[in-house]
Every structure is written in structure tokens, then in C-alpha cells.
1. As an exercise, find the ratio Rg/Rh for the chain from alpha-carbon atoms, using the Kirkwood inverse-distance average for Rh.
2. Seen from all sides and averaged, what is the projected area of the convex hull of the Cα atoms in the stretch 66-105, in nm²?
3. Mind scanning K47/K105; K47/K79; K27/K84; K47/K78; K55/K105 and naming the pairs with a C-alpha gap bigger than 20 Å?
4. Quote the relative contact order of the chain in percent (integer), defining contacts as alpha-carbon pairs under 8 Å separated by 6+ residues.
5. Going by C-beta contacts inside 10 Å, put R18, R104, R56 in order with the fewest on the left.
6. Taking the beta-carbon count within 10 Å as an exposure proxy, list E96, E19, E91 from fewest neighbours to most.
7. So how strong a dipole does the stretch 11-86 carry about its Cα centre when Lys and Arg Cβ are +1 and Asp and Glu Cβ are -1, to the nearest 20 debye?
Amino acid sequence: MSLSSDYYGENNSLLLLREVAEIITYKIITSTMYSAKTVLQISTENKLPLSSTYKRISRLCKAGILSVERASIDENGKKVLYYKSKIKAIEACLNENGLAVHVRK
């Protein structure tokens with residue numbers, strides 16, 4: 001378990017919470033929190049359209065939420081990437097001072 005964490009200001013907190021609240025993102029993150037999986041595994045396990053899964057994984061990698069843990073070559077000679085969530089937990093705090101989000105990695 002990693003002990004590193006990030007705190008986000010109010011504007012970034014809203015963006016992060018909005019992204020994670022989307023069902024496809026939620027399923028991808030929770031599916032890959034503790035074990036790296038291929039796009040096909042994530043899509044199949046979560047009953048998500050394959051094209052939507054590819055697009056969302058690309059977006060989450062660019063945002064630094066997912067990363068490629070390893071790559072391998074399948075029986076057809078194609079490169080297969082295994083993705084893993086960098087997020088282990090998200091905690092939000094809303095009070096009179098605003099919104100803050102703590103992300104445990």
C-alpha cells in the first residue's frame with residue numbers, strides 16, 4: 001500500500017469528483033485498484049462497451065489516474081497493455097471553507 005497522497009483545491013476537486021462519478025470511470029478505477037487488467041478484461045468484467053472502455057482508459061491515463069503496469073505480447077503477436085489505477089481511495093470534505101478532496105495512492 002502506498003502512503004503517498006494528493007490534496008486538490010476546490011476547482012480541481014470538482015473536476016475529479018465529476019470524473020469519478022461517471023459510471024464508466026468508476027467501474028474502471030474500482031476494477032483496477034488492486035490488480036492490473038487489460039482493456040478487454042475491464043470491458044468484459046464490467047459489461048462496458050469495448051470502444052467506450054478504450055476511450056475512457058486513454059483519458060484516465062492522460063489525467064494520471066491510470067497507468068500501464070506492464071505490457072506483453074499475445075498469441076497473435078499483438079502488444080497487450082495491463083492498466084492499474086493509481087487511486088486507492090478518495091475522500092471529500094465539504095464545509096463552510098469549501099470543498100477539498102484527498103486522494104490516497
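Each value in this text was obtained by applying a stated rule to the coordinates, not by laboratory testing. As the structure is a computational prediction, the values presented were derived from the model and not from experiment. Please note: Cβ atoms are built from the backbone with ideal geometry, for glycine as well, and neighbour counts cover all protein chains shown.
1. In the chain, Rg relative to Rh is 1.03.
2. Details: hull surface 14.0 nm².
That works out to 3.5 nm², a quarter of the Cα hull's surface.
3. On the way: K47/K105 26 Å; K47/K79 23 Å; K27/K84 12 Å; K47/K78 23 Å; K55/K105 23 Å.
Checking Cα-Cα distances, K47/K105; K47/K79; K47/K78; K55/K105 exceed 20 Å.
4. It rounds to 37 percent for the chain.
5. R18, R104, R56
6. Details: E96 4, E19 16, E91 10.
Lowest to highest Cβ neighbour count: E96, E91, E19.
7. 160
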